Every structure is written in C-alpha cells, then in structure tokens.
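Single-structure report; data block below.
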Amino acid sequence: MKKDFISIYDLTPAEIETILHKAAEIKGMHPAAGGTYRPLEGKALAMVFEKPSTRTRVSFEVGMYQLGGHALSLNPQESQLGRGEPIADTARVLSRYVDGIMIRTFAHTRVEEMARFASIPVINGLSDLLHPCQILSDIFTITEKRGDNYRKLKVAYVGDGNNVANSWINGAVRLGFALSLACPPGYGPDAQILARAQAEGGSRIILTHDPQEAVEQAHVINTDVWASMGQEKEQAKRRKAFQGYQVNADLLSRARPDCLVMHCLPAHRGEEITNEVLEGPQSVVFDQAENRLHVQKAILILLLGKGTYDA
C-alpha cells in the first residue's frame with residue numbers, strides 16, 4: 001500500500017523520529033564523498049508548482065539528483081493543468097510515468113485530490129492550509145541545536161495563523177512539546193486543527209493575542225510573513241492589524257537567553273521580524289533553509305525507496 005506525506009498529523013511519533021534520524025544520517029554524508037549512496041537510482045519525481053518557489057523547488061530537485069534520481073518541474077503555464085485538465089486526470093497520468101509526486105499549491109483540497117487519484121506517493125510541498133515539510137525541517141533544526149527531548153521545549157509562534165502555524169500545531173500534538181501561538185484577532189490558525197490539537201494536547205497548546213505572553217520563557221520563537229502568497233491585496237490591512245506582533249529585540253528579550261529564532265523565509269525585514277534579530281546570533285533561519293534539503297531527502301527515500309517508514 002502506498003504512503004503519502006500530506007500532514008504531520010498523519011504520522012506517528014515513531015514515523016517522525018524515523019524521518020529525523022534518517023535526515024541526520026544523510027546530512028552527515030558529504031555529497032561528493034558519498035557518491036555511491038544512490039538509493040533512488042532510476043526513480044523520478046514530478047514536481048507540480050501552482051505557487052512560485054525557491055527553497056521547495058531547489059531542495060527537492062537537488063535532493064533527487066544527489067540520491068541518484070531525477071526531478072521534473074511542471075507549472076500551469078507548461079502543463080495541461082493550466083488549460084483546465086482535472087487534477088484527478090493529471091494524477092492518474094503522472095502515476096504511469098513517475099515514482100512520486102510533490103505538489104505545491106493553493107487549496108489543500110487539490111493536494112488531497114492528487115493523493116486520492118494517484119497510485120504513487122504524493123508529498124505536500126505546501127498548501128494554503130499546511131506546510132509540513134517546512135515544520136519537519138524546523139523540528140530537525142531544533143534537535144540539532146537543543147536535542148530531541150521534545151516535551152521539555154516551549155515553542156512560540158508569533159504572527160499570522162497560516163499554514164506554517166497550522167503545521168506547528170500538528171507537530172506539537174504528535175511530539176508533545178508546548179506551543180504558544182500569538183495571533184491578532186481574526187487571524188488565528190485553522191479552528192478545526194486548533195480544536196483537535198487542544199483536545200489531544202490539552203493545556204500545552206494555547207492561543208493568545210499577546211505576543212509577550214506567548215514568548216515568555218520560550219526555547220524557540222517562530223514567525224512568518226503577515227501576508228502570504230495570494231494575499232497581496234490585503235498587505236496594507238494586515239500591516240495595520242499586525243502592529244505589535246513583530247519579532248524584535250524587545251520581544252526576544254522576554255524569551256529564554258538561549259532562545260532560537262526561526263523564520264521559514266522569504267522574510268519581509270522590518271515587518272514581521274527586524275533585520276537585527278534575523279541576522280543576530282540567535283537566528284537559525286539559514287540552518288532551517290539548508291535542512292529542507294536533508295529532511296526532504298529522508299522523506300523521499302522513505303516513500304520512493306523502501307515505500308515504508310520502518311527504519
């Protein structure tokens with residue numbers, strides 16, 4: 001039976017830890033020295049982009065290449081998706097050509113439909129609802145810096161309750177760390193995802209409108225842009241609503257002295273985060289970006305190689 005990667009919530013803690021351990025193993029291999037490690041030799045990944053991308057495209061494409069496979073990029077302007085072909089038909093056709101599909105899109109229902117009709121593994125590279133590859137990479141980055149005793153960590157998220165926030169919630173449910181989200185009224189995370197998480201994770205997952213409360217004694221502070229792709233027309237309205245939600249030196253001072261600062265990039269410096277903090281000694285944003293490559297390699301191996309999360 002094929003396995004997809006659509007949401008962190010769909011994984012067990014053991015499956016997540018398998019991915020993290022595999023990513024650490026892969027990261028320890030220098031691509032030049034490890035040229036004989038090609039577990040995806042002859043495998044092909046179709047990458048469907050309905051949203052622009054830098055990190056997702058480069059990390060998946062380079063990852064497939066370094067593992068011995070091949071990745072090909074499809075966007076609406078260069079494929080029949082742009083001319084109205086149903087995603088169900090695209091899924092079934094691609095299943096005859098390649099070994100896996102990564103899709104980066106707007107509506108989460110398109111990811112789910114791709115997975116439902118494809119007979120090969122489907123990876124959610126991003127949707128408006130979830131960004132699971134990013135958050136697994138962020139968790140991997142935290143384990144590198146702070147170890148893997150998740151339940152002792154407090155993670156804070158400050159800003160828009162978007163796909164990044166939703167996936168942090170799913171990560172907190174599965175791994176048991178404390179998560180505090182600070183979002184302006186009307187800009188909170190998905191209500192169903194939050195309610196499910198609070199039912200399962202209890203008081204360790206909280207939503208507040210006060211950024212200072214959220215970051216108090218936090219081990220990690222995360223943020224993201226105030227207006228994501230597709231929300232550009234709301235930029236001015238959102239900038240006004242998010243005043244006071246900037247990750248700056250004053251807010252950082254309220255967290256633990258060794259608190260890590262994270263941002264999934266691209267960043268609007270001077271809006272959701274100051275340049276001083278993003279470029280400061282507590283920032284690990286470029287480690288996060290690099291780790292997209294290693295974690296996604298692990299996901300690719302486990303889905304396209306063995307076809308199982310069993311280590």
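The values are calculated or read from the model by the stated rules, or taken from the named source; none is laboratory data. Computed from a predicted structure; not experimentally measured. A quick note on method: Cβ atoms are made from the backbone with ideal geometry, for glycine too, and the neighbour counts reach across all protein chains shown.
Identify, please: which residue in the stretch 57-80 is out of contact with any helix residue (DSSP H, G or I) (no Cβ under 6 Å at 6 or more places or on another chain) and over 30 Å from T36 (Cα atoms) and is, among those, modelled with the highest pLDDT?
Checked the stretch 57-80; the qualifying residue modelled with the highest pLDDT is N75.
For the stretch 8-18, does any single residue satisfy the condition of being crowded, with 16+ Cβ neighbours inside 10 Å and either modelled with pLDDT under 95 or of a type in the set (S, T, Y) (or both)?
Yes: one or more hits.
Only one of V164, V111, V98 is buried (at least 20 other Cβ atoms within 10 Å of the Cβ), more than 20 Å from K2 (Cβ to Cβ) and in contact (Cβ under 8 Å) with a residue 40 or more places away in the chain; which?
V164
Please find, among E232, E290, E276, E272, the residue that is acidic (D, E) and surrounded by 20 or more Cβ atoms within 10 Å (Cβ to Cβ).
E272
Which of the residues spanning the stretch 125-153 are over 23 Å from E232 (Cα atoms) and either touching a Pro at 6+ places or on another chain (Cβ under 7 Å) or not in a helix (DSSP H, G or I) (or both)?
G147, D148, N149, L153 - these are the residues of the stretch 125-153 that are over 23 Å from E232 (Cα atoms) and either touching a Pro at 6+ places or on another chain (Cβ under 7 Å) or not in a helix (DSSP H, G or I) (or both).
Could you tell me how many of the residues in the stretch 165-182 are under 20 Å from E213 (Cβ atoms) and touching a His at 6+ places or on another chain (Cβ under 7 Å)?
1
Can you confirm whether the stretch 251-262 contains a residue that is within 15 Å of the chain's Cα centre (by Cα) and under 24 Å from G125 (Cα atoms)?
Within the stretch 251-262, one or more residues are within 15 Å of the chain's Cα centre (by Cα) and under 24 Å from G125 (Cα atoms).
So which of N222, N291 ends up being polar (S, T, N, Q), within 28 Å of T18 (Cβ to Cβ), modelled with pLDDT of 95 or more and in contact with a strand residue (DSSP E or B) (Cβ under 7 Å, 6 or more places away or on another chain)?
Only one candidate qualifies: N222.
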